[in-house]
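Read-outs throughout are calculated quantities, based only on the coordinates presented, and are distinct from any laboratory measurement. As the structure is a computational prediction, the values presented were derived from the model and not from experiment. Here the Cβ positions follow ideal geometry from the backbone for every residue, glycine too, while neighbour counts run over all protein chains shown.
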Amino acid sequence: MSADSLALLGGSKAKTKPFPVWPIHDDGERKAVNDVLESKVWWRTPGKETLTFEKEFAEFHHCKHGIAITNGTHAIEVALMAMGVGPGHEVIVPNYTFVATASAVLCCGAMPVMVDVEKDTQNIDPDLIEAAITPRTKAIIAVHIGGQPANITRIQEIACKHNIELLEDCAHAHGSEWQGKKVGSFGVGGTFSFQQSKIMTAGEGGCIVTTSEAFERQARSVHDCGRLPGEWFYSHFQYGSNYRLSEFLGAILRVQLRRLDEQTKRRHANGRLLDKLLTSVDGITPQRIPAEVTRNSHYAYIFHVDLSKFGNITMRKFIEAMNAEGIPNQAAYPPVHAIDAFQNGSYRVKLSGDQAKEPHRFLRQRFPNTLRAAWESYWVPQYALLGDEQDMNEIVTAIKKIQQNGSKLA
């Protein structure tokens with residue numbers, strides 16, 4: 001069997017050594033958890049670990065305040081409630097994102113208005129944001145897909161022009177930068193996730209960061225049963241629920257945060273190396289990195305595959321062949337509008353009044369760039385980008401092997 005034969009067809013793998021294993025942890029996390037255990041203070045309210053994490057995480061992202069939340073989905077929900085999003089409102093979201101970006105809007109009784117993304121960056125298209133604004137529009141959610149910052153300067157300008165709130169969904173983008181400034185610090189707030197696959201993790205968890213005093217006060221109240229800081233414990237001033245993070249997770253995240261800057265530098269550098277190496281492969285187009293992106297934390301390294309350059313194999317077969325070569329993939333998101341809950345109409349139960357009955361444009365709209373991104377892209381997961389130059393070269397070797405053997409796979 002030739003050395004160039006595909007592993008899927010009985011050849012040797014392109015990957016000769018394992019990628020780093022995720023999650024990364026050491027005695028720092030062990031001590032942090034044990035310290036909380038022995039302290040007998042496991043609850044956030046009287047504790048100090050989660051409170052300290054909030055301050056450290058906010059400062060890292062160039063913000064004044066952090067609010068630790070049970071998970072990333074809840075972080076978006078709490079942020080939207082703090083912004084006053086409710087029945088009758090519309091919130092503009094990209095059609096290429098995890099469902100939580102849209103479902104959080106529905107949770108507030110408002111309508112997510114989906115718009116297409118840019119072909120080359122796979123981030124929300126600012127021109128389509130502006131075209132989608134109506135008198136009902138209350139907010140815009142900009143998602144930094146794969147860790148790549150959206151065109152936040154342009155989106156900020158649109159939000160200010162129309163007096164609309166801007167929220168950043170940074171679930172993929174811990175430590176990413178636009179013009180040297182961390183994402184999450186451009187809108188009224190930024191939301192983050194600490195689910196296990198994310199760039200820093202405690203298994204679950206989330207955070208809201210902000211510099212707005214008014215927004216912070218509202219969001220903190222919503223996340224803590226409607227309480228207000230400094231008031232009697234059993235005073236509840238508005239609708240809220242319990243979205244508090246435990247001391248155990250806060251302690252773990254403090255240790256994870258210490259690694260974030262170095263890990264982000266490594267992922268960004270390896271991403272730029274892959275950009276360079278992949279110029280030699282016809283049919284592979286990496287996610288475009290605008291000049292304003294000074295750091296991409298790379299929740300995933302994303303590239304488009306022109307399957308006509310790979311013997312017209314299917315994307316499923318390309319993924320299968322990459323996995324056989326030892327290269328993992330993070331599944332790309334399906335278009336939000338195509339998810340069953342939207343196609344079968346069940347999303348309408350969260351709406352009221354005319355909004356619940358009227359036709360919605362996204363059900364008949366075409367989203368060519370979202371479809372291209374969803375069904376023709378490969379996502380190399382973030383932990384692979386913590387590897388070395390050999391790891392990056394082996395990713396490219398695997399792609400080239402598939403291209404050379406495309407006719408056999410077809």
Ranked list, fewest to most other Cβ atoms within 10 Å of each Cβ, for ILE313, ILE155, ILE67:
ILE313, ILE155, ILE67
Mean projection area, nm², convex hull over Cα of the stretch 27-256
12.3 nm²
For the stretch 24-148, take N as its residue count and report Rg(C-alpha) divided by 2.2 N^0.38 Å.
1.34
Using all C-alpha to C-alpha distances in the stretch 275-410, build P(r) with 5 Å bins and read off the rounded percent in each one.
2, 8, 16, 19, 15, 12, 9, 8, 6, 4, 2, 0
What ranking, highest mean first, results for peptides 274-283, 289-298 when packing means the other Cβ atoms within 10 Å averaged over each residue?
289-298, 274-283
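If neighbour count is taken as other Cβ atoms inside 10 Å, put TYR378, TYR239 in order from fewest to most.
On the way: TYR378 22, TYR239 10.
Neighbour counts put them in this order, fewest first: TYR239, TYR378.
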How much of the DSSP bridge set in the chain is antiparallel, in percent, rounded to the nearest 5?
60 percent
Return one number: the angle in degrees, 0 to 90 and rounded to the nearest 10, between the long axis of the Cα atoms of helix 152-161 and the longest principal axis of the Cα atoms of the chain.
40 degrees
Could you identify which residue out of ALA300, ALA104, ALA142 has the top mean-square fluctuation in a GNM of the chain using Cα springs shorter than 10 Å?
ALA104
Cα pair distances of the chain binned at 10 Å [whole percent]:
5, 22, 30, 25, 14, 4, 1, 0
Going out from 0 in 10 Å bins, what whole percent of all Cα-Cα distances in the stretch 1-53 drops into each bin?
19, 25, 15, 11, 15, 13, 1
Once both axes come from the Cα atoms, what is the angle between helix 389-404 and the longest principal axis of the chain, in degrees from 0 to 90, rounded to 10?
60 degrees
I'd like the FRET efficiency for ALA341 and ASN393, computed as 1/(1 + (r/R0)^6) with the beta carbon distance as r and R0 of 30 Å, rounded to 0.05.
0.10
Candidate aspartates and glutamates - alpha carbon under 19 Å from LYS40, same-chain residues fewer than 8 apart omitted
GLU29, GLU49, GLU247
Fewest to most Cβ atoms within 10 Å: LYS48, LYS17 sort as LYS17, LYS48
Note down the nm distance, to one decimal, between modelled labels 7 Å out along Cα→Cβ at THR279 and at ASN323.
3.3 nm
Can you list the residues of the stretch 72-116 with backbone N under 18 Å from a point 7 Å past the Cα of LYS357, pointing along Cα to Cβ?
87-89, 111
Cα gyration tensor shape for the stretch 96-157, rounded if a/c is under 1.5, else prolate or oblate
oblate
Taking a ≥ b ≥ c as the square roots of the Cα gyration tensor eigenvalues, with a/c under 1.5 meaning rounded and otherwise prolate when a/b beats b/c, else oblate, which class fits the stretch 159-300?
prolate
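Tell me the mean residue ellipticity at 222 nm calculated for the chain from its helices only (DSSP H runs of n ≥ 4, each -39500 (n - 2.57), averaged over every residue, nearest 500).
Mean residue ellipticity at 222 nm (helix-derived): -11000 deg cm²/dmol.
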Nearest-ten-degree value, helix 49-60 long axis tilted from longest Cα axis of the chain
60 degrees
